[in-house]
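A.B. asks: Have a look at this one before I ask anything.
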Amino acid sequence: MILNHIWGLYAHPKEEWHTIEKRHESLLYSLVHILTVALIPAICSYFAAAHIGWSIGTGSVIKLGESSAMAMSVAMYLGIVVGVFALAYLIQWMAVTFDATPDFTQSLELAAYTATPLLMVGLTALYPVLWFVTIAGLAALSYSVYLLYSGIPIMMNIPEEKGFIYSSSVVTCGLVLLVALMAISAIMFSMGFNSEYIV
């Protein structure tokens, strides 16, 4: 079922949002979706950092030691899961302003499926060249924003005009959340989260 929803969100997103809205799977189902799809960037980034190495410009390929790469991947996995839950909380918290009354499960479904393209683009880490990963990441971010704009009116049962403003608010909060997660990561690395680099 998870794979069906993922395929549907790429092939026919609006119809798939209607299907998701009608079914309203359990909280456990959304949790399994997040925990499964979040493995993609974590595993791929571990493999790229420890075994392939990152190429930045024309310099040498840079690798991390296996223990450092594992620690980075575990931290990334936990950050992704916490980030999706935080986004779900923001979606539910802002709903009252736009005359929507979602429960947390609906908000989590919306957050989880909206984040799916950003998580699946983690596959690009298997070709760890900075320009390639950056372009793919921007494309995935754009599609996630599109999914959010198309999904909010359907999942929250509100008119498209309100849905547009609601989506814009969620995107703004989501970007702040993303910057906060990146800042926390930078602070962790600067405060003794020792990384063993192999050039």
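A.B. asks: Whose amide H sits under 5 Å from the amide H of Leu64, counting only residues 5 or more places off or on another chain, with H placed in the peptide plane?
C.D. replies: Correct list: Ala50, Ile198.
A.B. asks: Rounded to the nearest 0.05, what FRET efficiency do Thr97 and Glu21 give with R0 = 22 Å and r taken as the Cβ-Cβ distance? Could you check?
C.D. replies: Once the sixth-power term is evaluated, E becomes 0.60.
A.B. asks: Separate question: For region 45-173, build the charge dipole from Cβ charges (+1 Lys, Arg; -1 Asp, Glu) around the Cα centre, then report which of Leu90, Val133, Phe164 sits farthest towards its positive end.
C.D. replies: Final value for the positive-end residue is Val133.
A.B. asks: Ok, one more. Given a 1.4 Å probe and every protein chain left where it sits, what share in percent of the accessible area of region 68-199 is carbon and sulfur?
C.D. replies: Looking at region 68-199 in its full context, I get 76 percent from C and S.
A.B. asks: Between Ile135 and Phe104, how high is the FRET efficiency from 1/(1 + (r/R0)^6) when r is the Cβ-Cβ distance and R₀ = 45 Å? Nearest 0.05.
C.D. replies: 0.80
A.B. asks: About the Cα centre, and with charges only on the beta carbon of Lys, Arg (+1) and Asp, Glu (-1), how big is the dipole of the chain? Nearest 20 debye, please.
C.D. replies: For this selection, approximately 300 debye.
A.B. asks: So how tilted is helix 13-23 from the main axis of the chain? Cα-based, degrees 0 to 90, rounded to 10.
C.D. replies: Tilt of helix 13-23: around 70 degrees.
A.B. asks: For Leu39, put the label point 7 Å out on the Cα→Cβ axis and report which residues of region 105-123 keep their amide N under 20 Å from it.
C.D. replies: 112-123
A.B. asks: Within region 7-41, list the chymotrypsin sites (Phe, Trp or Tyr not before Pro) lying in a DSSP loop whose Cβ has at most 12 other Cβ atoms in a 10 Å radius.
C.D. replies: Nothing satisfies the criteria.
A.B. asks: Roughly what angle does helix 104-120 make with the longest principal axis of the chain, taking Cα atoms, 0 to 90 degrees, to the nearest 10?
C.D. replies: 40 degrees
A.B. asks: Still on this model: Treating the angle as unsigned and between 0 and 90°, give the value, to the nearest 10°, between the Cα long axis of helix 27-37 and the longest Cα principal axis of the chain.
C.D. replies: Approximately 30 degrees, to the nearest 10.
A.B. asks: Averaged per residue, what accessible surface does the chain expose to a 1.4 Å probe, in Å²?
C.D. replies: On the way: 10540 Å² over 199 residues.
For the chain, the per-residue accessible area is 53 Å².
A.B. asks: Taking 22 Å as R0, compute the FRET efficiency from the Cβ-Cβ separation of Ile56 and Ser169 and round it to 0.05.
C.D. replies: FRET efficiency, Ile56 to Ser169: 0.05.
The values are calculated or read from the model by the stated rules, or taken from the named source; none is laboratory data. Because the structure is predicted, anything quoted here is derived from the model rather than measured. Glycine gets a Cβ as well: all are built from the backbone with ideal geometry, and neighbour counts include every protein chain shown. We work out accessible area using only protein heavy atoms, side chains counted, and drop any ligands, DNA or RNA first. Shrake-Rupley method; radii C 1.70, N 1.55, O 1.52, S 1.80 Å.
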